[in-house]
Amino acid sequence: MIRAVLTATILAALIAPRMSGAAEPCIPCHTEKTPAAVAQWQGSAHAKAGIGCEKCHGSDHDKIVRGEAKVGMKVCAPCHKKAYEEHRLSRHGMGLHSGWGCTRGLPDRKKDECRFCHQPGDEMPRSDVQCARFLKQSPEMGEIGCNYCHSVEDACDSCHSKHMTDLKIVRDPNSCAKCHMGPDHPQWEMWQTSLHGTLNVSAGAKAGPDCQTCHMPKGTHNVSIGITMNSGGVPYPAAKAEPARKEMVNICSACHAPAFAKRELERGDLVRSQSLAILKEAEHIIWDLNDRGLLDPMPENRPQHPLSGPRLVTDSQMLYEDTSHIERLFFKMKKYDYARTVKGAYHQNPSYTHWYGNAELKMDLVDIKSEASRLKERGQKGAGVKPQAGAEDELKALKNKFDRGALSAEEYAKEKGKVLEQMK
Amino acid sequence: MIRAVLTATILAALIAPRMSGAAEPCIPCHTEKTPAAVAQWQGSAHAKAGIGCEKCHGSDHDKIVRGEAKVGMKVCAPCHKKAYEEHRLSRHGMGLHSGWGCTRGLPDRKKDECRFCHQPGDEMPRSDVQCARFLKQSPEMGEIGCNYCHSVEDACDSCHSKHMTDLKIVRDPNSCAKCHMGPDHPQWEMWQTSLHGTLNVSAGAKAGPDCQTCHMPKGTHNVSIGITMNSGGVPYPAAKAEPARKEMVNICSACHAPAFAKRELERGDLVRSQSLAILKEAEHIIWDLNDRGLLDPMPENRPQHPLSGPRLVTDSQMLYEDTSHIERLFFKMKKYDYARTVKGAYHQNPSYTHWYGNAELKMDLVDIKSEASRLKERGQKGAGVKPQAGAEDELKALKNKFDRGALSAEEYAKEKGKVLEQMK
Amino acid sequence: MIRAVLTATILAALIAPRMSGAAEPCIPCHTEKTPAAVAQWQGSAHAKAGIGCEKCHGSDHDKIVRGEAKVGMKVCAPCHKKAYEEHRLSRHGMGLHSGWGCTRGLPDRKKDECRFCHQPGDEMPRSDVQCARFLKQSPEMGEIGCNYCHSVEDACDSCHSKHMTDLKIVRDPNSCAKCHMGPDHPQWEMWQTSLHGTLNVSAGAKAGPDCQTCHMPKGTHNVSIGITMNSGGVPYPAAKAEPARKEMVNICSACHAPAFAKRELERGDLVRSQSLAILKEAEHIIWDLNDRGLLDPMPENRPQHPLSGPRLVTDSQMLYEDTSHIERLFFKMKKYDYARTVKGAYHQNPSYTHWYGNAELKMDLVDIKSEASRLKERGQKGAGVKPQAGAEDELKALKNKFDRGALSAEEYAKEKGKVLEQMK
């Protein structure tokens, strides 16, 4: 990257006349209008290298004012090639403009579905790809609640502050905290109270690594190296996971014995698979209730899912609104508890792994089972829903399971047989 | 303020003989009894200006020991006039001794109710004004749980540490954190992980503003300038909101283009009105259950509300105890989720606006609807409550709605007509 | 401790030839394998005093590789006698290898039960003592979720980083944060936003004390001095509590007037007893449901408790998994809400005492009462459970209460009499 920057700098010095702030036509007016931006640019490496306002913002002032001249990633790319290419390879760069999920989360994705996300011939995803949770938001909530973070996918200034070029800012783990925090992925919080994070604060970055040490080694912008699962926490197949794991063990080996690092990460893998099993148990309960028509309300009696219509959705496109109490509990399990358990284990944080993660996961399973018990009794008593106690209903539920692929033809025949046997 | 302090300093220097710690009669004994207080005072601007113990604490030692010589705001006011006047104008100074809420939250407040809060001729509120949540506390919980923060309304040392005068302490955003944190208003937490807060940590106060930069510009003690809603998040009428908004845009303009600042704040306004609508939907569900006699327990079958008696309360005097499950859910929505959404949006924190705020708001609405569905089915089956399925009950519920003003006379007649029609 | 270290240092200097890193046989290989460990040791007081690898790790490399040469507390003890003895006296040293709870939490503990935790003649507890919550964990979750923190009971390097001897690290309150945080005991979080913690950050350790100031005065390793309750928050009997309180008031007196400190701590005591009463009310509701066979599921219809079998457990061995919704609510009350209220009060944090503590405690009681109401109605309607409405069931419940000691013989007779009277 240093080379790319230097090249750009030299080029700029040759081509453009070296500008002082005063020579820049925007400065007089903007010193008054946006004083911080001007002061920050004036202290920046850009100013020193003669990179002025127009170079990034263009010269069409009306377009800028209308908000149509956003300084997206492609504006920075020509000068910052290496960073741009690394970023494209990473999860930061591969995503969608407005939220994760999308086709990546859909089952049976086909090659020709690429067009769903990409312009033909363009590896960068389109910015208007759909995400169910984003589609349910008001434009305002979408802007602040979704795009403030997911802008990282198309804008360098998500991390690099707009006009300052001081790398101290982006090398501070604080700059990651803006997005990597909160109930769904509290990496910031769990690092802070981990051995790594506490040593970082008390004894410096050499003793305790920060986000950048492990996830951006040697300043790479491919923040996804060494990661062995997708953003929903689903493990990669071995062919993809194994080389990634080797990369991560290599990173850990800057401080630790490789065997120790491997063991610690493999413990994380086991915590992950155990937690996935708890999640699956809960998911199975909910689908069974759906097969029996016992959710309250059923998907057909509530606002439709924006991508899947009047059907139950528990995959990465799951909603937290216009749903039922038991699905709401499952949303928390999946998006909050599971993420905290797994990320807590990989980040070596006991409290996030156990109390904020595993304990919540198991307590939510208790609540899901209790609610399922209530919904089944409710069904039996016909409280506003059609009675479900009879063999006919059991047969209907089995057919639903078969139709959605939860039972094979063989298993379906066998289970149906059992019910018919009992009917005699 | 500087002028006021200087005047006081000069006055003190003229009137009192300049004291060293040794000349102060309390010092010998208190060096042993309260060593920190003595050391802090000795290093303070007060000591340097000859302001000794008696000036603030008085000379009646017995009274001090009995805790009857509290150094309230009026003790500081004569020397710190400007700060005192600004504080009085702010929300910090206008409140009650023991909690917000009170008559300000009651509907139809009349002019002559001023006496409820104020001594005649005194703009400062009385300290014994009632707050329902405070009234439910034990004296001990009231002291630590309520008054530790709400003491700001009558005591400068809530923020200014008791004997140190070093302004570094109160200029540190940390000093605001003691109260402006937690589930009901996590301003501290949301600032820390906002762009403003993270830049403040990594690049200093010039790059990233802190609490004081925006809420106490030029050192004012009127912390409420630029705020456009009351402490419960209810928007001010335009006549009050518009000048406040201008003040805030002016503050933002120290760094940002005014048009940008305005747009960002208006996005917050829209998030606020959208969130209020979600809140209202939930509130309506609960009042409807109350009209139908379906809350479990009903207000008349549980300890009475300390201000409103055996009636449902969902306004700012709402309780979180001695209530029903569905009201408890609403309390969380109103006090926690709504506050986090709205304050998160104004503080530009994506995770607080969306995950901690909006998502919780919508998930709680899911749970409230589920619980309402259960309570209605329970009513229909007469499970310990009187049956509610018949037209007679519908008429009763309509009358309740009319009585509490939720239906106009016209609407009431129309709805009643519909039910009577169906009865034929 | 300084004397002990010096003695050890002198001894080492006399006995062993003074080693440089180069003279140490492990160094060449481990500079490559575990570079951080080597670098940290090289900068340590141990290296300066000639304490090499073998002194702590032994010389059996195979054993080390197999993980059988852990550097437990007894390896450090011979040189660090004072610290070791103080640690043994403290809660940090008295515990079990894998979690609190255990026999200490069981009622009616007998002298000869000591063998349950201790080898005969050894005051240190055995490392394999049972804890119900630990027994329910996978080995991996037990390692990271339990032992990462509870290793403090047997390993100095829980707090002291493994190869660095710089005391700055352990004197930083950050080093306590690794374990003393999270939903069950957020001492780190509540200190940070307390007056003590905020002053510490803005004005230094002299103005605002940290963990070590109050809990490790004069560098003692007995972190339990001045504590008046057990780790579950149950108050000690007066004979044990009174001298402890005197110790704590003495610690506070380094800054505060003793009378003030005493008053503040006594307020904490009152908050504690009031909160215990709320907890007891909830516990009583759950036991009553159990007596009436109304829990869903009942303990006999779910995986058995690993220590108590098919019985309801609400003491310190209570589980958060394989339980019922109402017990799960009680677990949160007991382990999270109660702990936050009480520790919040003693640490002078208004938000943890009131909002995170007391308000949650009372809201969970609302939910427990609501769920109890639902379970009772469910029982009356025989929804999958045996009907409980009749006098016979009341007699059965009374017998259960008598059998578990909740009613004395006299009370039992009296209550039984009342029911029989009604039957006539």
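Quick one: in the range C:316-357, of everything that is assigned to a helix (DSSP H, G or I) and polar (S, T, N, Q), which residue is nearest to the other protein chains (Cβ to nearest Cβ)? Once the filter is applied, the top-ranked residue is C:351. Where helices (runs of 4 or more DSSP H) fall wholly inside the range B:178-294, the ranges with 2 or more residues that are among the acidic types (Asp, Glu) and in the same structural domain as residue B:349 (by TED's automatic domain parsing) are B:258-291. Residue pairs whose Cβ atoms lie under 8 Å apart, separated by 6 or more positions or on different chains, with the first residue in the range A:339-362 and on the phi > 0 side of the Ramachandran plot and the second among the acidic types (Asp, Glu), are A:348/A:264.
Filtering the range C:187-212 to residues that are more than 14 Å from chain A (Cβ to nearest Cβ) and of a type in the set (S, T, N, Q) leaves C:193, C:194, C:198, C:202. The lone criterion from (1) surrounded by fewer than 21 Cβ atoms within 10 Å (Cβ to Cβ); (2) within 10 Å of chain A (Cβ to nearest Cβ); (3) outside any helix (DSSP H, G or I); (4) at pLDDT below 95 left unmet by residue C:129 is number (2).
Scanning the range C:159-170 finds one or more residues that are buried (at least 22 other Cβ atoms within 10 Å of the Cβ) and either in contact with a helix residue (DSSP H, G or I) (Cβ under 9 Å, 6 or more places away or on another chain) or facing chain A (nearest Cβ under 9 Å) (or both).
You will find that of A:71, A:75, the residue that is within 34 Å of the chain's Cα centre (by Cα), at pLDDT below 95 and part of a helix (DSSP H, G or I) is A:75 and no other. Considering the conditions (1) facing another protein chain (nearest Cβ under 9 Å); (2) closer than 27 Å to residue C:44 by Cβ; (3) among the charged types (D, E, K, R), residue C:184 is excluded by exactly one of them, (2). Within the range C:16-26, does at least one residue satisfy the condition of being in contact with a helix residue (DSSP H, G or I) (Cβ under 9 Å, 6 or more places away or on another chain), within 14 Å of chain A (Cβ to nearest Cβ), at pLDDT 90 or above and assigned to a helix (DSSP H, G or I)? No; the residues of the range C:16-26 include none that is in contact with a helix residue (DSSP H, G or I) (Cβ under 9 Å, 6 or more places away or on another chain), within 14 Å of chain A (Cβ to nearest Cβ), at pLDDT 90 or above and assigned to a helix (DSSP H, G or I).
Applying the criterion of being touching a residue at least 12 places away in the same chain (Cβ under 8 Å) and at the interface with chain B (Cβ under 9 Å from one of its Cβ atoms) to the residues of the range C:229-268, the residue that is surrounded by the fewest Cβ atoms within 10 Å (Cβ to Cβ) is C:254.
Kindly provide the set of residues from the range A:273-320 that are polar (S, T, N, Q) and farther than 15 Å from residue A:234 by Cα, ordered by number. Result: A:290, A:301, A:304, A:308. For the range C:171-181, the set of residues classified as facing chain A (nearest Cβ under 7 Å) and of a type in the set (Lys, Arg) consists of C:178 only.
Scanning the range C:299-318 for residues that are modelled with pLDDT of 95 or more and more than 24 Å from residue C:376 (Cβ to Cβ) yields one hit, C:303. Could you run through the range C:295-315 and say how many residues are in a helix (DSSP H, G or I) and not charged (D, E, K, R)? Residues meeting the conditions: 2. Of all the criteria given as (1) at pLDDT 95 or above; (2) at the interface with chain C (Cβ under 10 Å from one of its Cβ atoms), the one not satisfied by residue B:215 is (2). Here is a list of conditions, (1) at negative phi; (2) modelled with pLDDT of 65 or more, and residue C:121 meets all of them except one; can you say which number that is? Condition not satisfied by residue C:121: (1).
The values are calculated or read from the model by the stated rules, or taken from the named source; none is laboratory data. This structure is a prediction, so every number in the text was calculated from the model and none was measured. In this analysis, Cβ positions are derived from the backbone assuming ideal geometry, glycine residues included, and neighbour counts consider all displayed protein chains.
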